[in-house]
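**Student:** Pasting in a structure now, in structure tokens, and then I'll have a few things to ask.
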Amino acid sequence: MKLGFSKEDEDFRSECASWLNDQMSGEFSDIKGITTLTEKAERRKEWEQQLAAHKWSCIGWPEEWGGRGASLAQQVIFAEEYARAGVPGRVNHIGIELAGPTILTFGTDEQKKRFLPDIAAGKTIFCQGFSEPGAGSDLAAVRTKGHVENGEWVVNGQKIWTSLAHISDWIFVVTRTEEGTQGPKGLSFLMMPIDQEGIEIRGIEQINGDAEFNETFFTDAKCAEDSLIGAPGDGWKIAMGLLAFERGVSTLGQQMAFRNELDEIIAAAKSNGSSNDPLIRQRIAKAEIGLRLMRYGALRMLSNQDHSKVDGAALTYKIQWATWRRGLGELGMDVLGQGGEIAEGGEYAWNTLPNLFLYSRADTIYGGTNQIQRNLIAERGLGMPREPRGK
Amino acid sequence: MDFAFTDEQAMIAETAQQFFAENATSSRTREAMAADGFDRATWQSFCQELGLGGLLVPEEFGGSALGMVDFATVAEAAGSQVAAIPLHGLAMIGSAIAAGGSDEQKSKWLPQLASGDVVASGGGNADLKSDNGGLSGKIEFVPHGNIANLFILSDGSEAWIVEADADGLSVDTPVTMDQTRPQATLTLSNVKADPLADGAAALNIGKAAGWICLAAEALGGAQACLDRTCEYAKEREQFGRAIGSFQAYKHRLADMMIEIEQARSAVYWAACAIDEGSDEAELALHAAKSFCADTFFKCAGDMIQLHGGIGFTWEHDAHLFFKRARSIQTMMQSGNWHREEIATMILGEAA
Ligand SMILES: Cc1cc2nc3c(=O)[nH]c(=O)nc-3n(C[C@H](O)[C@H](O)[C@H](O)COP(=O)(O)OP(=O)(O)OC[C@H]3O[C@@H](n4cnc5c(N)ncnc54)[C@H](O)[C@@H]3O)c2cc1C
């Protein structure tokens with residue numbers, strides 16, 4: 001067991017830090033420090049291309065697909081330095097973290113060639129079309145239908161809560177392709193171009209006033225026959241594989257963003273004197289402990305090579321960070337006091353901490369709600385009986 | 001960076017788990033509880049047959065000079081059986097003498113600690129008075145002080161070696177809630193004491209080892225509470241189904257696991273930080289001690305609740321865990337104290 005990094009890795013750290021800092025103080029200084037998903041989306045697409053041009057886009061991918069085949073330690077370091085430099089999150093995070101690894105694992109060579117370099121280069125922004133009005137926690141209740149006609153897939157139905165669909169180029173959808181099937185059987189995983197007649201996107205306003213997610217309607221929407229990942233009927237298996245990628249190295253970058261949020265709370269507490277309140281001091285210490293344990297939990301899960309038993313650190317990671325961050329949102333508001341409830345610019349738009357307070361209510365919902373996480377932990381991690389199902 | 005056990009560490013952990021499961025059985029622990037809180041047979045095999053008494057002792061003094069990570073795996077295993085052994089004292093005093101003792105002190109005491117021939121413990125009180133090599137004062141809550149032959153006592157800056165049979169030392173053992181680790185009271189009047197060559201170094205590492213020991217014991221204890229409750233949840237039926245199939249019940253089990261996984265990260269983070277001399281070590285120790293103690297207490301409390309009536313009986317082991325958890329929470333400072341230390345690192349002193 002070893003936590004320290006080697007000399008070579010530390011050199012790598014300086015290399016990424018200096019490149020990232022140069023970018024953020026130079027050509028891309030206008031996007032430094034943005035914390036929302038969609039602000040300045042066009043500039044951030046250019047940033048994706050800049051990363052790719054310098055081979056910093058998907059460093060963990062094999063070299064032939066635009067990566068560097070970087071070691072785990074290097075990926076950890078890059079993720080940390082990326083956030084430390086105040087670089088905004090990747091607008092194509094769904095492409096890089098979900099679609100890309102899914103294609104790498106389940107796609108054909110043709111599909112890899114077609115999608116991976118463009119995902120790495122920020123030319124193909126992806127969004128995720130899983131949830132439907134009738135299929136949320138129970139994802140297998142998907143009703144969107146697909147069939148092949150004249151050598152193309154034709155899709156009809158509706159997705160909902162599709163984050164970033166309005167700025168995306170492609171969407172991957174889980175759709176029912178075998179008539180009469182129910183549950184996880186008969187589903188398929190398709191990649192569809194968004195810019196077409198058959199797809200309509202309508203924004204949905206969120207509790208913080210932003211509209212980062214959407215309703216996505218499919219009316220005879222089309223994609224090429226070879227846009228299917230895996231075989232027809234493999235959709236569930238692939239969707240589950242994809243959800244596992246959500247717990248990859250990118251979580252460490254996410255944690256550095258959390259670090260920045262906690263630091264902002266600490267600075268606010270010091271400046272308004274609430275740092276003298278013993279209860280606030282306890283809560284800040286707890287938040288600090290929680291964040292550190294998240295880091296070491298992630299390192300444990302990433303270092304784990306023993307795949308013979310359930311990895312507890314991985315299984316509990318989602319609910320841990322989501323619950324921690326929701327608590328952080330509340331702590332931020334308690335530090336700010338009543339002033340936190342007043343918007344500064346006269347519009348319904350929020351600074352980092354009030355926005356964190358509102359936005360973090362979603363963390364315990366998307367990607368599997370806290371209740372669903374507990375079911376999974378109890379069933380897969382602890383061997384408890386499965387939930388009874390209705391029809 | 002590789003935050004997973006090496007093969008050797010995994011082997012030590014497995015050996016220790018097996019050893020404590022076979023030796024520190026419920027009936028052996030209960031015999032100790034009814035007597036002086038010391039399971040001698042287990043301790044003897046631990047030090048001699050298993051040879052783990054010298055885990056933290058340098059090789060030239062009969063130890064194996066392994067690191068805190070290795071030690072933590074052992075303490076975790078001991079904690080999972082609530083073993084009635086003076087492991088905490090061994091960790092603290094062994095590493096304190098190794099770090100702050102003179103050559104003579106080391107060669108006199110360390111081999112005897114490693115072999116288990118000498119049982120050690122320690123404690124402190126700022127009011128301890130030293131006068132011409134004689135110590136006077138009172139020290140409470142000395143774990144396993146009732147059976148220790150050797151103490152390291154401190155006033156917070158200096159540290160002394162005191163032998164249990166020294167003139168002027170009296171040891172009283174009040175009835176302690178956790179009978180697997182009795183807390184003794186030492187009263188000293190002009191007791192012969194041998195100052196450690198480097199008291200500050202001894203206290204520093206001694207404290208660290210003590211905190212790691214408690215945090216790791218708590219981790220093992222919490223995991224055992226969860227494992228045993230899961231067994232019961234699958235066996236016991238009510239309303240025609242296993243109680244573990246009720247969502248309110250299984251979510252509570254999940255919550256235990258979520259805390260335990262963090263506790264595991266905390267223990268091994270802190271242990272690694274000490275072994276590697278990382279500047280995070282102090283923060284990690286405070287985090288580990290406070291987080292693991294709270295986790296253990298939560299899990300032990302839940303263990304009682306999730307067992308129903310049987311969990312409230314003397315016969316069932318749940319209360320052993322519950323009482324050990326409570327005592328780990330208060331030993332070597334409360335969670336609030338540790339968190340305030342962290343708050344001070346981040347925010348400065350409160351005005
Ligand atoms: C900000 C945000 C972004 C999102 N982005 C995307 C996206 O890009 N793509 C996408 O496909 N989806 C996305 N989602 C959708 C998200 O994955 C779903 O909202 C989530 O899976 C929950 O489904 P639901 O909203 O239908 O709630 P429901 O499943 O109806 O749940 C309602 C309540 O019932 C509880 N519940 C349900 N089943 C159980 C059970 N078995 N046991 C106990 N309690 C239960 C839930 O925990 C919840 O509290 C996003 C959601 C949000 C909030």
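The values are calculated or read from the model by the stated rules, or taken from the named source; none is laboratory data. Please read these numbers as outputs of a predicted model, since none were measured by experiment. Cβ: placed from backbone, ideal geometry, glycine included. Neighbour counts: every protein chain shown. In case anyone asks, the SASA skips ligands and DNA or RNA and just uses the protein heavy atoms, side chains included. Shrake-Rupley method; radii C 1.70, N 1.55, O 1.52, S 1.80 Å.
**Student:** In the set A:132, A:81, which member is open to solvent by less than 40 Å² (accessible area, probe 1.4 Å), more than 16 Å from the ligand (Cβ to nearest atom) and not aromatic (Phe, Trp, Tyr)? It would help to see each step written out before you state the result.
**Tutor:** On the way: A:132 fails: more than 16 Å from the ligand (Cβ to nearest atom).
The unique qualifying residue is A:81.
**Student:** Which residues, counting only those in segment B:1-47, are among the aromatic types (Phe, Trp, Tyr) and open to solvent by less than 30 Å² (accessible area, probe 1.4 Å)?
**Tutor:** Hits for segment B:1-47 are B:3, B:19, B:20, B:38, B:43, B:46.
**Student:** A follow-up question, please. Take the residues in segment A:99-111 that are closer than 20 Å to residue A:246 by Cα and touching a residue at least 60 places away in the same chain (Cβ under 8 Å); name whichever of them is nearest to the ligand (Cβ to nearest atom). I'd like the intermediate steps shown before the answer.
**Tutor:** To start, the set of residues in segment A:99-111 that are closer than 20 Å to residue A:246 by Cα comprises A:99-107.
Then keep just the ones that are touching a residue at least 60 places away in the same chain (Cβ under 8 Å); that gives A:99, A:101-103, A:105-107.
Working: A:99: 12, A:101: 16, A:102: 14, A:103: 18, A:105: 19, A:106: 18, A:107: 20 Å.
Among those that are closer than 20 Å to residue A:246 by Cα and touching a residue at least 60 places away in the same chain (Cβ under 8 Å), it is A:99.
**Student:** Counting only residues that are in a loop (DSSP other than H, G, I, E, B) and closer than 21 Å to residue B:208 by Cβ, which one in segment B:320-351 is least open to solvent (accessible area, probe 1.4 Å)? Walk me through it before giving the result.
**Tutor:** First, pick out the residues of segment B:320-351 that are in a loop (DSSP other than H, G, I, E, B): B:331-334, B:348-351.
Checking which are closer than 21 Å to residue B:208 by Cβ leaves us with B:331-334.
Details: B:331: 19, B:332: 42, B:333: 85, B:334: 50 Å².
Looking at the filtered set, the residue picked out is B:331.
**Student:** Additional query: Filter segment A:184-209 down to the residues that are outside any strand (DSSP E or B) and touching a Ser or Thr at 6+ places or on another chain (Cβ under 7 Å), then identify the one that is farthest from residue A:391 (Cα to Cα). Break it down stepwise before answering.
**Tutor:** Step one: list which residues in segment A:184-209 are outside any strand (DSSP E or B), which gives A:184-186, A:194-198, A:205-209.
Then drop every residue that is not touching a Ser or Thr at 6+ places or on another chain (Cβ under 7 Å), which leaves A:186, A:194, A:198.
Numbers: A:186: 17, A:194: 34, A:198: 32 Å.
Restricting to residues being outside any strand (DSSP E or B) and touching a Ser or Thr at 6+ places or on another chain (Cβ under 7 Å), the top hit is A:194.
**Student:** Oh, and also: Within segment A:146-182, how many residues are out of contact with any strand residue (DSSP E or B) (no Cβ under 6 Å at 6 or more places or on another chain) and either within 14 Å of the ligand (Cβ to nearest atom) or among the polar types (S, T, N, Q) (or both)?
**Tutor:** The number of residues fulfilling the criteria is 4.
**Student:** Considering only residues that are surrounded by 15 or more Cβ atoms within 10 Å (Cβ to Cβ), assigned to a loop (DSSP other than H, G, I, E, B) and in contact (Cβ under 8 Å) with a residue 40 or more places away in the chain, which ones fall in segment A:1-27?
**Tutor:** A:3, A:5
**Student:** I'm trying to understand the selection: among the residues of segment A:257-285, which are open to solvent by 60 Å² or more (accessible area, probe 1.4 Å) and within 13 Å of residue A:328 (Cβ to Cβ)?
**Tutor:** Correct list: A:260, A:263, A:264, A:283.
**Student:** Does at least one position in segment A:235-245 carry a residue that is open to solvent by 40 Å² or more (accessible area, probe 1.4 Å), small (Gly, Ala, Ser) and part of a helix (DSSP H, G or I)?
**Tutor:** Taking segment A:235-245 as the starting set, the residues that turn out to be open to solvent by 40 Å² or more (accessible area, probe 1.4 Å) are A:236-237, A:240, A:243-245.
When the remaining residues are screened for being small (Gly, Ala, Ser), the result is A:244.
Then drop every residue that is not part of a helix (DSSP H, G or I), which leaves A:244.
For segment A:235-245, residues open to solvent by 40 Å² or more (accessible area, probe 1.4 Å), small (Gly, Ala, Ser) and part of a helix (DSSP H, G or I): present.
**Student:** Scan segment B:124-175 for residues that are modelled with pLDDT of 95 or more and on the phi > 0 side of the Ramachandran plot and jot them down.
**Tutor:** B:137, B:141, B:144, B:168
**Student:** Further, regarding this structure: Restricting the search to segment B:125-175, which residues are open to solvent by 30 Å² or more (accessible area, probe 1.4 Å), touching a residue at least 24 places away in the same chain (Cβ under 8 Å) and of a type in the set (S, T, N, Q)?
**Tutor:** B:125, B:130, B:136, B:146, B:149, B:157, B:173
**Student:** Another question about this same structure. Considering only segment A:112-125, how many residues are free of Cβ contacts under 8 Å to residues at least 60 places away in the same chain and open to solvent by less than 20 Å² (accessible area, probe 1.4 Å)?
**Tutor:** Start the filter on segment A:112-125 by keeping residues that are free of Cβ contacts under 8 Å to residues at least 60 places away in the same chain, which leaves A:112-114, A:116-118, A:124.
Subsequent filtering for residues that are open to solvent by less than 20 Å² (accessible area, probe 1.4 Å) retains A:116, A:124.
The number of residues fulfilling the criteria is 2.
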